[in-house]
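The values are calculated or read from the model by the stated rules, or taken from the named source; none is laboratory data. Because the structure is a prediction, the values reported are computed rather than measured. In this analysis, Cβ positions are derived from the backbone assuming ideal geometry, glycine residues included, and neighbour counts consider all displayed protein chains. Calculation scope for accessible area: heavy atoms of the full protein, side chains included, ligands and nucleic acids excluded. Shrake-Rupley method; radii C 1.70, N 1.55, O 1.52, S 1.80 Å.
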Amino acid sequence: MRQRFSTIQETRGAAAGALAEHPVPAGVEPAPVNAEAGGDVPWSGVKLVSEQPVSETPSDPANNRLSAKLLEIKAEFHKLLIEDINLSALEKLPHDTLLQEMGDLVREYVAQQRITLNSREIGELVQTLVDEMVGLGPLEPLMKDPTISDILINGHENCFAERGGMLEKVEVLFKDEAHLLRVINKIVSAVGRRIDESHPMCDARMHDGSRFNAAIRPIGVDGPLVSIRKFAKKKLSLERLVEVEALTPQMAEVLAAAVRSRITTLISGGTGTGKTTMLNALSAFIAHTERLITIEDAAELQLQQPHVARMETRPPNIEGHGEIRQRDLVKNALRMRPDRVILGECRGEEAFDMLQAMNTGHEGSMATVHANTPRDAISRLEQMLGMTGMPMTVSSIRSQITSAIQLIVQLTRFSDGKRKITSVTEITGMEGEIVQMQEIFCYRQTGKEADGSIIGEFRATGIRPRFLEELVSMGISIPGDFFDPSKPLK
């Protein structure tokens, strides 16, 4: 009875026979099939847990029993399907056809095993099986949910998702740790990477552009750790960022003018503050006549210009060879006649080559850096330049930075999940060995609502940026009252 089938149509009869011989999974009571009870209810595959403590027992034990029952059936059914169905043939079928064929198989199985499942439960089982076989199993509904930006898994029993800047516990039904490891291996093998005990960490870009990171035992003490930063299929424009109050229209106009006028800009912020989103939004104001080269660890930027050359780093292979670092790509980019170089994230010695590029005819280039304040961003760049091992004094390092970068845009994610530009700062030069900076716009938190929402306001500091002269030479005029501290920015 165990044989391979070339198509799912050939499989249905034989696979159903094989399944009929298989005993009912443990804990599932045989009973007459009731396929009509409960009605046809679409299943999302994920149940949100609304701010309940992790250890709290769910309120409906029946749901737990149902989930456990379906999980047990799915595990047994999936095991047999893998043995009896040609999965490569399944992947070529249209999704609707696959759901229909799988639904017929499931209904035959539950009828022969006399398992009580209503149509909603059958629909749930069919969807999970399809996700398991041609998708990412329990992660598939989370990947399809457009409101979720990050998926974080701490062992097979704990999963969280970020929605609207806030983390929520979600119920994702991994049978056990081995089930989660199968999904991890499916992801990494699809992009030519590996993860095992000898290489327990993996960083990769999924086929849809999402960033994937995993750490398994022995690195993951309590089980596999997974982080997925989902790829935003529709990037946020600067106008949309104004609508969500990440900045004001006046700030947006100044930043857009700075980008058009080739003011070299550094975007600074902590993890998850929206640095890549801001870089995408600002890049929309680069002229379409310019040649852009982007360099990233995992390609996320979605530039709309017609002349964009994208490059991505590569990790070493199994033997430890073949690594391509950001510094290698920056050096190569300078030989490709770029008008601007856009570095997705500045983290190490590539900062030296990036600053050299900004200083040698590639004005208007942009990069992001992890830092909590504009002053911290300068310190981070100093540390990165020190990583090159070149004999440079503190004064020469700071001189390189101040001559290359003109503007720092600082982003912050607040406790209510909202992301805002908290500072727009201009670098004006050096005084002795001190980098001189002047803040043009800022956001000040003034309080907090009862529901935890942050109260604050954007303000102009009253300082007019020196790069206004460059804007005027480009034919761009900025109203003087944008910088008047007595007028609120709204």
Can you tell me which residue is farthest from ASN158 (Cα to Cα) among those in the stretch 171-222 that are open to solvent by less than 10 Å² (accessible area, probe 1.4 Å) and touching a Cys at 6+ places or on another chain (Cβ under 6 Å)?
VAL188
Could you pull out the residue among ARG398, ARG375 that is among the charged types (D, E, K, R), outside any strand (DSSP E or B), farther than 21 Å from SER283 by Cβ and more than 32 Å from the chain's Cα centre (by Cα)?
ARG398
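To keep it simple, each residue is scored yes or no on (1) open to solvent by 30 Å² or more (accessible area, probe 1.4 Å); (2) more than 25 Å from LEU255 (Cβ to Cβ); (3) touching a Lys or Arg at 6+ places or on another chain (Cβ under 9 Å); (4) at pLDDT below 95.
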site	(1), (2), (3), (4)
ASP353	no, yes, yes, yes
HIS362	no, no, yes, yes
ALA371	no, no, yes, no
MET384	no, no, yes, yes
SER399	yes, yes, no, yes
Which of the helices (runs of 4 or more DSSP H) contained wholly in the stretch 71-140 include at least 3 residues that are open to solvent by 10 Å² or more (accessible area, probe 1.4 Å) and modelled with pLDDT of 80 or more?
95-113, 119-134
Being surrounded by fewer than 18 Cβ atoms within 10 Å (Cβ to Cβ), over 26 Å from the mean Cα position of the chain (by Cα) and at pLDDT below 95 narrows it down to one of GLY389, GLY417, so name that one.
GLY389
Could you please find all residues in the stretch 326-341 being crowded, with 16+ Cβ neighbours inside 10 Å and assigned to a loop (DSSP other than H, G, I, E, B)?
LEU334, PRO338, ASP339
Could you check ALA287 against (1) among the small types (Gly, Ala, Ser); (2) open to solvent by less than 10 Å² (accessible area, probe 1.4 Å); (3) assigned to a loop (DSSP other than H, G, I, E, B) and say which number it fails?
(2)
In the stretch 380-399, how many residues are of a type outside the set (D, E, K, R) and within 21 Å of GLY274 (Cα to Cα)?
1
Which condition breaks for GLU382 when tested against (1) touching a strand residue (DSSP E or B) at 6+ places or on another chain (Cβ under 8 Å); (2) of a type outside the set (S, T, N, Q); (3) free of Cβ contacts under 8 Å to residues at least 60 places away in the same chain?
(1)
Counting only residues that are open to solvent by less than 30 Å² (accessible area, probe 1.4 Å) and without any contact (Cβ under 8 Å) to a residue 24 or more places away in the chain, the stretch 444-490 contains a total of 2
